[in-house]
1. Quick one: is C:S230 farther than 18 Å from B:F169 by Cβ, among the polar types (S, T, N, Q), modelled with pLDDT under 90 and buried (at least 20 other Cβ atoms within 10 Å of the Cβ)?
2. Going by what's in this entry, would A:G54 be described as buried (at least 20 other Cβ atoms within 10 Å of the Cβ) and either farther than 23 Å from B:G109 by Cα or within 7 Å of chain B (Cβ to nearest Cβ) (or both)?
3. Just checking, how many residues over region A:37-51 are farther than 30 Å from A:L287 by Cα and either more than 7 Å from chain B (Cβ to nearest Cβ) or out of contact with any helix residue (DSSP H, G or I) (no Cβ under 7 Å at 6 or more places or on another chain) (or both)?
4. Where in region C:16-127 are there helices (runs of 4 or more DSSP H), lying wholly inside it, with at least 3 residues that are at pLDDT 90 or above and more than 20 Å from the chain's Cα centre (by Cα)?
5. I need the full set of residues from region C:294-326 which are among the hydrophobic types (A, V, I, L, M, F, W, C) and either free of Cβ contacts under 8 Å to residues at least 40 places away in the same chain or out of contact with any helix residue (DSSP H, G or I) (no Cβ under 7 Å at 6 or more places or on another chain) (or both), in order please.
6. If I go through region C:81-110 residue by residue, how many of them are within 15 Å of A:G244 (Cα to Cα) and either free of Cβ contacts under 8 Å to residues at least 12 places away in the same chain or within 11 Å of chain B (Cβ to nearest Cβ) (or both)?
7. Restricting attention to region C:135-156, does a residue exist that is without any contact (Cβ under 8 Å) to a residue 24 or more places away in the chain, hydrophobic (A, V, I, L, M, F, W, C), crowded, with 16+ Cβ neighbours inside 10 Å and part of a loop (DSSP other than H, G, I, E, B)?
8. When you go through (1) free of Cβ contacts under 8 Å to residues at least 40 places away in the same chain; (2) out of contact with any Lys or Arg (no Cβ under 6 Å at 6 or more places or on another chain); (3) of a type in the set (A, V, I, L, M); (4) under 30 Å from B:A118 (Cα atoms) one by one for A:L72, which number turns out not to apply?
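The values are calculated or read from the model by the stated rules, or taken from the named source; none is laboratory data. Computed from a predicted model, the values in this text were never measured in an experiment. Cβ placement follows ideal geometry from the backbone for every residue including glycine, while neighbour counts extend to all protein chains displayed.
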Amino acid sequence: MAEYDPQTARAQVAMAGARGVTAEVLSNQPRKDVIRNTIFASLLFLAIAIALAGLCLLIGKNLVDGWSRLNLDLITQNNSSIPENAGLRNAIIGTLWIMAFVILMLVPIGVGTAIFLEEYGNRKSRITRLIELNIQNLAGVPSIIYGLLGLAFIARSPLNLGYVILTASLTLTLLVLPVVILASREAIRAVPPSIREGSLALGATKWQTIRRQVLPASIPGIATGVILAISRAIGETAPLIPLGAATFVTFTPGPTTDFTAMPVVIFNWVKQSQPEFQTLAAAGVLLLIALLIVMNSFAIWLRNRYEQTW
Amino acid sequence: MEARGLEATSPAALPRRLEAPSPRYGEKVIYGLFAACATLSVLTTTAIVISLVVPSIQFFGDVPIGDFLFGTDWGPSFQPPSFGVLPIVVGTLSVTFWGLIFAIPIGLGSAIYLSEYASPRLRKIVKPILEILAGVPTIAFGFFALIFITPQIQKIWPGHFLGGPPLIFSVLAGGLAIGLMIVPIIASISEDAMSAVPSGLREGAYALGATRAKIATKVVFPAALSGIVASVILAISRAIGETMVVLIAVGSTPNLTFSPVQSVQAMTAFIGTTATGDIPTGSTIYKTIFAVALLLFLMTLLMNLLSIRLVRKYRQVYE
Amino acid sequence: MILRKSILAASCCGVLAIGVAACGGSSDDESSASGGGSDVSGLSGSIRVDGSSTVGPLTQAVAEQFSGSNPDVDVTVGQAGTGGGFEKFCVGETAINDASREIEPEEAAICKKNNIPYEGLQVANDALTVVVNPNNPNTCLSVEQLASIWGPDNPASSWSDVEGTDSSFSADIERFGPGTTSGTFDYFTDAINGEEGVQTKDYNNVGENDNQTVTGVEGSEGGIGYFGFSYYEENASQLKALEIKNPDTGKCVAPSEETVRDGSYAPLGRPLFMYPNTDDAAKDPVKGFLTYYLDNVNDIAPSVGFITLTDEQLKKSQDTLASMTG
């Protein structure tokens, strides 16, 4: 619990509030307050109820609409022009390939940046603050702008990768990097200085300390961050649009082929003329939501289970 | 042995150097690697800025910036083309506005309830559900707006009121979906801010006989205000940058209107519709996309900087 | 806590199952390719097709069947739009461009500049259908009447303003149409308003989602919209397709397979094309794909809502292909 400093602006505001409360209470207000308070509490509860109802409606409506296509076919069939034969199989594999590369790039770069900022960075130095500010801004940039970035620099010159899976992975990595950096920093920061100092005192180098003491202790927090980042990246459609994600391929995507991804295929289904594709889209959306719920729950469980108290 | 130990610790006999015996090149290499990782973020920002600014400068060579910023006719692919960006800016802001009308009461209400009223058991149920809501992909919200919210609005809306009757696309449908999407942002950050208010303040007010409602509104809420405002600004920034919901449910008609039930086009929707796949690098449409993207980037940048300053201000109080 | 753990365990098993099923499901999609012949030919390689979102579904359907009998050929079908597709095609990024209109002189010039040789092959026909709300009593419109509704200057705002229409019907006109990057938009504006890209801006732009035109016209008394025939076919019970007065014969013609094939549904009967890169078309796998395409397109087209080629049109395309492949 933080120390209470009476001089801060916050404290003064709070004290003014407390004073006002006292004045009101001591001035003998009638007991109609009880009614007012009950109404107030109910309104607040209503707010939560509406939020929950929104979520239930979202999942429920998709469930009702997509029910007939919620079977194994959704996963084992490739995309097709004929709705009965259409499924998400090559889209799922495309998404998996994209995520594989994202993880490969995300972990070293994200953790590396976090280590730099926490271990080697000087709090006051301008460079550290510049990097921190950059990361915080990048976290708020709209996702479609990352798509344009990928189009301008990754698909075209100077990287000239074309419109393949690697391009999509690079773009998505840049998009979710701030999430991993933030989570890793928190995890690294949670390791008490005494651990580091003890290690250094025993003659270990800085890198040895990081590698053997700090990192192993922060792995659960880092893993949580990576999983949250991946779950964000899986659901993103907007950055893939300028990168020309194909909506239809006859083959199973691989690292250097044209790519397709789940959200893009689902988006395309919404636009088809046959009403059966709307059912498919609903089923696809449910699959995405289910996937994300699983990943988020896993991340939270990981955090709760392995959280270390020092 | 002992004698040697004593010798070593006596101040006069300390010729040892305290640097490392070897130059530790490995450490320097490692440091360099990490520094390189960190500079990637700066590189990314630079790349974004360059990729947006260069075509925009070319764009403003063709189209006067005054026409762009203040013109009210948006039709870059019509013959003859017109480049007044106001309709799509107003479109974005309208959708955001309606999103906030929904999200602020719901989000703040939830936050206050969770931090002041809820039992630990209720918190255990509600917090994960809010986290699930936060994790739902945006295309799901867009689809939901299309298949559920829009038909409901059509059923409920009284005829020609405020520019109705609502057709297949409406600002309100997108706004409500985006509102639902940003509720977790407002709720969780505000709740964090409210929980951080020292319980001593609450306890003191209770001791004086204040009711929970009074404490929530007069003690906790003002104390957490900067965190709450930061959460709202962050939510605004997220709503402005949202693409899929507006693309699916709000439409592609650049209509300069404040009516909630008409079809408008948001900036992100324009970019999403036009930048599909390949556009030749030099064409006017390419430059237009990037000019709009630059405007979008500046808007969200402003919001983010504002929110960062506010968060820093409220964090400083406790550190 | 226990509840949470069991949900977590169940969901982990679910994710694992999805992954295994997806990766292992390859044997199933052989059975979905019907009628394409089961002999595995020796063709291999990759083909990239892009272009019109109208023709796209047809190419996809053909590619699907083709890959059933030619599993070593990777076909990618994108739908960046006719114009967007040409931009990719004329820099050599795609082997074939789907097009819902003929190549424009500007596009042809770029292809020439980049040494991309091409030929146009007609692969199907389509009826650009104009639909109105079922309660609309009008049954036939002429090009002039359509131009007064969709033209850029002073378009009619209610049905009673349109000359020659049923005077009992005076609902406000509500226009629905595709975005400006669509080949359908290009074709319609060219046929009705005389020039591509020229149209009133006062309409509900449904972007790429023609389903919205269906919903919009269905829900709006005075609604009017246009799209490809497949969108009408799928929703015929909810909409009314207008007959178009043929400018030459003066007769009102409804859109249908017959009227498009015999040319009487004018000017909105449109040919759909593929533009292969001639160099690529001379060799496999593109050669094999195109041959297969033309051999089978008349069987496949109706199942995805397209109108087949007449024997004459098919022969012409096959002759053009033969001249490309040498």
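1. Details: farther than 18 Å from B:F169 by Cβ: yes; among the polar types (S, T, N, Q): yes; modelled with pLDDT under 90: yes; buried (at least 20 other Cβ atoms within 10 Å of the Cβ): yes.
Criteria met by C:S230.
2. yes
3. The total comes to 3.
4. Those helices (runs of 4 or more DSSP H) span C:105-113.
5. Pass one, region C:294-326, residues among the hydrophobic types (A, V, I, L, M, F, W, C): C:294, C:297, C:300-301, C:304, C:306-307, C:309, C:314, C:321-322, C:324.
Scanning region C:294-326 gives C:L314, C:A322.
6. Selection size over region C:81-110: 10.
7. Yes: region C:135-156 contains one or more residues that are without any contact (Cβ under 8 Å) to a residue 24 or more places away in the chain, hydrophobic (A, V, I, L, M, F, W, C), crowded, with 16+ Cβ neighbours inside 10 Å and part of a loop (DSSP other than H, G, I, E, B).
8. (4) is the only condition that A:L72 fails.
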